[in-house]
Amino acid sequence: MSDYDNEEIPLPPFAPVLLESMRAIGYSFQSALADIIDNSLSAGARNIDIRFSPYGEPYVAVIDDGHGILPQAFVAAMRHGSTDPRAQRARSDLGRFGLGLKTASLSQCRRLTVVSKVDDTLTAKRWDLDLIGLREDWILLGLTQEAIQSLPHIADLKQSNSGTMVLWQSFDRLSAGELSIESALGQRMDNAREHLALVFHRFLSPEKPYPPIRIVLNGNPVAALDPFLSSHRSTQPLPEEQILIEGEPVKIAPFILPHISKLSVADLAIAGGEEGLRRNQGFYVYRNRRLITWGSWFRLIRQEEITKLARVRVDIPNTLDHLWTIDVRKSTAYPPQPVRDRLKTIVSRIAEGSRRVYTFRGRKATSDAVLHAWERLVTRSGVEYVINREHPLIKAVEAITDDHFQQLIQRLLRTLETMFPYDAAYADMASERRPSPDRQGGKYEELFTLASTMLDALGRETEYGKQLIKSLGSVEPFSFYPEETSSIQRKLLNAE
């Protein structure tokens, strides 16, 4: 026996209420604009021109040279939910729900007009929330050719062999709470430029085998913001790995950024500034090369100051959307359990690499060509910092003291090591008041006196003394002052 009677009630949503409610789905201005560009890229566009004006009747227009929308397919493309998210799509498709163009646009404006050119034919449709509220129905408007010709920047679209223009007008939310829509729109566009530069950086920069695209904002090209500083000579790319999920590859590429002391002002700006270095650490998830979410470790490790140089690129195909819980705005993603399990085995190694770079200011934790004053020792109980007993200055002190004083000196060194202020050092390194050693020029006299004192104690004519002069540039603190040290070496060698 059925639980239902014979009554079936078609109950479509009430258009004015649903559309007004969907405007609060959570799009920011820049994320909405990025969603429009997704459509342009899915349409094969290579040039995307964003135009805006805050004066008169303010507008934002996104014009691309993609393949356009066929007239017979236009109504379906303007439908909310035009694509089944369960359907298989082209691997280059950046969409999923068939909502982005409409929902993203109407979250920012009350009037959305889409014009497309195919085979020298211009077609335009419009959603107008004020009209829908008045008519209380899903009314999609078709524009006459005369109305199309009056739209801003229609001449730019007509110059392309094919393409589409998305036009936003009637910005009720943009002007709410603002002194002027002029300043509000200008500020939103400034934020959008930085957002687009990051989200689409792999499209804006050449990446084999893909040709670069071009995004221009009011005549100014958008330059890519690479969060991994891939071109910086001190960035450490770690070996890539691949995970197969349901037969589809998930690619993982870790990077360790250079220590802040090796970053120029421009590099630091790309990395997000000093605060951004910490805030933006973690995974960067890309869906078809488009950045979806970033700045999170997905709770696999804690976000710490000491791991802030670690960033991991994760590439996922659109065929795994259902496992990564991609939302309508394409701004969040969470890895499925098999990926999280694999990432756990990778992430600690990546974080340790960041700790080494951060702790040793860019030097390798393993042995290098420099004779350091301090050494870092990894023990079963943790990490220790000890004074290097092989340092020439220690050797010089031992050479001029008897056994009794040598024992006292060793106790002194051990006391200094035991009392190393770990907590204070960590707090200072994690704060804006990091120690800033003076490693500029002007140290010649001090360094020369130190070198002479060591050589007097060790013997200038001994094999050790002669070797010390030759290798002085690889001994701390001389290694920090290459020019002064070279002069000192020449003077000491000539004195021989």
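The values are calculated or read from the model by the stated rules, or taken from the named source; none is laboratory data. Here the structure is a predicted model, which means the values were calculated and not measured. Backbone-built Cβ (ideal geometry, glycine too); neighbour counts: all protein chains shown.
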Number of positions in the stretch 322-337 that are out of contact with any Ser or Thr (no Cβ under 8 Å at 6 or more places or on another chain), surrounded by fewer than 19 Cβ atoms within 10 Å (Cβ to Cβ) and modelled with pLDDT under 80: 2
Any hit, the stretch 158-175, residues being over 30 Å from Gly26 (Cβ atoms), without any contact (Cβ under 8 Å) to a residue 24 or more places away in the chain and out of contact with any Phe, Trp or Tyr (no Cβ under 8 Å at 6 or more places or on another chain): yes
Filter result (of a type outside the set (Asp, Glu), assigned to a loop (DSSP other than H, G, I, E, B) and surrounded by fewer than 23 Cβ atoms within 10 Å (Cβ to Cβ)) within the stretch 28-59: Ser28, Ala43, Gly44, Arg46, Pro54, Tyr55, Gly56, Pro58
Identity of the residue in the stretch 365-382, more than 19 Å from Leu412 (Cα to Cα) and either surrounded by 12 or more Cβ atoms within 10 Å (Cβ to Cβ) or at pLDDT 80 or above (or both), that ends up nearest to the chain's Cα centre (by Cα): Ala365
Members of the stretch 1-27 that are under 25 Å from Ala184 (Cβ atoms), assigned to a loop (DSSP other than H, G, I, E, B) and over 22 Å from the mean Cα position of the chain (by Cα): Arg23, Ala24, Ile25
Selection count where residues are part of a loop (DSSP other than H, G, I, E, B), at negative phi and touching a helix residue (DSSP H, G or I) at 6+ places or on another chain (Cβ under 9 Å), scope the stretch 152-175: 1
Residues being farther than 23 Å from Glu194 by Cβ and buried (at least 16 other Cβ atoms within 10 Å of the Cβ) - total across the stretch 12-27: 5
Close pairs from the stretch 205-216: first closer than 16 Å to Gly44 by Cα and in the same structural domain as Asp49 (by TED's automatic domain parsing), partner surrounded by 11 or more Cβ atoms within 10 Å (Cβ to Cβ) and hydroxyl-bearing (Ser, Thr, Tyr), Cβ under 7 Å, at least 6 apart: Pro212/Ser205
Check on Ile252, crowded, with 19+ Cβ neighbours inside 10 Å and not in a helix (DSSP H, G or I): yes
Subset tally (residues that are touching a residue at least 40 places away in the same chain (Cβ under 8 Å) and surrounded by fewer than 17 Cβ atoms within 10 Å (Cβ to Cβ)) for the stretch 271-300: 2
